[in-house]
Amino acid sequence: SARVLAQTWKAVSESAAEFSTRAGKERKVAVLGAAGGIGQPLSLLMKMNPQVSQLSLYDVAGTRGVGADVSHINSRAQAKGFEGPDQLADALKGCDLVIIPAGVPRKPGMTRDDLFKINAGIVKGLVEACGKHCPGAILNIISNPVNSTVPIAAEALRKMGVYDKRKLMGVTTLDVVRAKTFYAEKLGLDVSQVDVPVVGGHAGITILPLFSQATPTMPSSTPADVIDALTKRTQDGGTEVVEAKAGKGSATLSMAYAAALFADACLRGMNGATATECTYVESEVTDLPFFATKVKLGTEGVETIHPIGSMSDYEKEAFAAMKPELAASIEKGFKFVREN
Ligand code: NAD
Ligand code: LMR
């Protein structure tokens, strides 16, 4: 009816006005792999972020359509599709933040490390293009295996002389999202009030949720087998989705949500607000060169890396157990750049 139409129009014009008043600084963001399972919903979520003024949607194919589609949404960002390597430079020029979900996903029975063969080269190539066309941009690496692709990105940028450790982050937000969901579900809590730090890396036992540091505090009477089950479910969350999708890929929607949360925190930090998130970065918190802990994000990217904090005996054991695997994945990334 006319009344409903008028109400709808009022809501649309009000949200447009809200977007323009919250506009703030010009921020150009690129999504590389924008036509993919993560890339498409992530492109939508970034188009809806009022901090974004320009949005480049790049992929080797399929971004003309995604770009045209997303660009019709009446929000601040000017969205445009870029297709194929010839258009990559234009997609990246002037970018403040580049989000990279390009690469192949797992099928049942595969580990994230099985993706290394294909994704290592894809990430190296894209990160080198960032080093050339938008040095100084913050990079959010999603492509797996994150434990190795982030060291690959660091070494590739270092070789080019443009590496800034404050500006390279592996996205581990999905682990935090899962830990919060499972913890709230198990303890019957309001999930919006829940926080669970997740440290380490982003594969199997290298994912370490610290339920001993959760908010609200875990009751001291919580049985050890409940904590163990919550830990394992967080570590195997990716596999749970891979198996449920039965050959049609891995987490895309929850990942796009997590990546959009993390990118929003990076943009808030860049714009002078404070933001703290867990993320996998070059770090001196442990004797491993890369490690995920809570990090304060500021105008230049990573401002302060927080220590792991106190761990339960169970968590201390899990921390010791993950170290050889994480060290090997980091070294594998370094070696790939040395040899390619
Ligand atoms: P997908 O196959 O649906 O999409 C990947 C996209 O990357 C495709 O559109 C493909 O064309 C594109 N691509 C490939 N090579 C490219 C290149 N050189 N330049 C630009 N684009 C290129 O896969 P997906 O489900 O979106 O997953 C993407 C990656 O994200 C996988 O490696 C997956 O394991 C990883 N992932 C990470 C997390 C995390 O928590 N960090 C979570 C989920 C998935
Ligand atoms: C995830 O955690 O969902 C991703 O890393 C994808 C995967 O392969 O599990």
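General remarks:
- Of everything in region 246-269 that is touching a residue at least 60 places away in the same chain (Cβ under 8 Å), buried (at least 21 other Cβ atoms within 10 Å of the Cβ) and more than 14 Å from ligand 2 (Cβ to nearest atom), the residue that is farthest from Val176 (Cα to Cα) is Leu267.
- Filter pass, Tyr280 being of a type in the set (Phe, Trp, Tyr), surrounded by fewer than 20 Cβ atoms within 10 Å (Cβ to Cβ) and in contact (Cβ under 8 Å) with a residue 24 or more places away in the chain: no
- Unmet criterion (only one of (1) within 24 Å of Glu303 (Cβ to Cβ); (2) aliphatic (A, V, I, L, M); (3) surrounded by fewer than 18 Cβ atoms within 10 Å (Cβ to Cβ)) for Leu187: (1)
- Residue in region 8-27 that is modelled with pLDDT of 95 or more, surrounded by 16 or more Cβ atoms within 10 Å (Cβ to Cβ) and of a type outside the set (D, E, K, R) present: no
- Of all residues in region 300-321 being small (Gly, Ala, Ser) and outside any helix (DSSP H, G or I), the one that is surrounded by the fewest Cβ atoms within 10 Å (Cβ to Cβ): Ser310
- In the set Ala292, Ala275, only one residue is at pLDDT 95 or above and in contact with a helix residue (DSSP H, G or I) (Cβ under 6 Å, 6 or more places away or on another chain); that residue is Ala275.
- Candidate set: region 127-138, residues that are within 13 Å of ligand 1 (Cβ to nearest atom) and either surrounded by fewer than 24 Cβ atoms within 10 Å (Cβ to Cβ) or within 16 Å of the chain's Cα centre (by Cα) (or both); chosen: the one nearest to Glu325 (Cα to Cα): Val127
- When region 99-150 is limited to residues that are more than 12 Å from ligand 2 (Cβ to nearest atom) and among the polar types (S, T, N, Q), the one that is nearest to Gln87 (Cα to Cα) turns out to be Asn140.
- Selection of region 305-322 for residues being of a type outside the set (A, V, I, L, M, F, W, C) and within 21 Å of Ile227 (Cα to Cα) yields Gly309, Ser310, Ser312, Asp313, Tyr314, Glu315, Lys316, Glu317.
- For region 211-247, taking the residues that are closer than 19 Å to Thr293 by Cβ and more than 19 Å from the chain's Cα centre (by Cα), the one that is nearest to ligand 1 (Cβ to nearest atom) is identified as Thr231.
- Here is the figure for region 151-178: residues that are within 12 Å of ligand 2 (Cβ to nearest atom) and of a type in the set (Gly, Ala, Ser) total 1.
Residue by residue, here is whether (1) touching a residue at least 12 places away in the same chain (Cβ under 8 Å); (2) crowded, with 23+ Cβ neighbours inside 10 Å holds:
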{"site": "Gln51", "(1), (2)": "yes, yes"}
{"site": "Ser56", "(1), (2)": "yes, yes"}
{"site": "His72", "(1), (2)": "no, no"}
{"site": "Gly84", "(1), (2)": "yes, no"}
{"site": "Ile99", "(1), (2)": "yes, yes"}
{"site": "Pro105", "(1), (2)": "yes, yes"}
{"site": "Pro108", "(1), (2)": "yes, no"}
{"site": "Asp113", "(1), (2)": "yes, no"}
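- Selected residue (only one of Gly125, Gly94, Gly39 is in contact with a Pro (Cβ under 7 Å, 6 or more places away or on another chain) and under 23 Å from Gly301 (Cα atoms)): Gly39
- Within region 28-39, tally of residues that are surrounded by fewer than 24 Cβ atoms within 10 Å (Cβ to Cβ) and away from ligand 2 (no atom under 16 Å from the Cβ): 2
The values are calculated or read from the model by the stated rules, or taken from the named source; none is laboratory data. Note that the coordinates shown come from a computational prediction; the quantities given were computed from them, not determined experimentally. Neighbour counts are summed over all protein chains in view; Cβ atoms, including those assigned to glycine, are modelled from backbone coordinates with ideal geometry.
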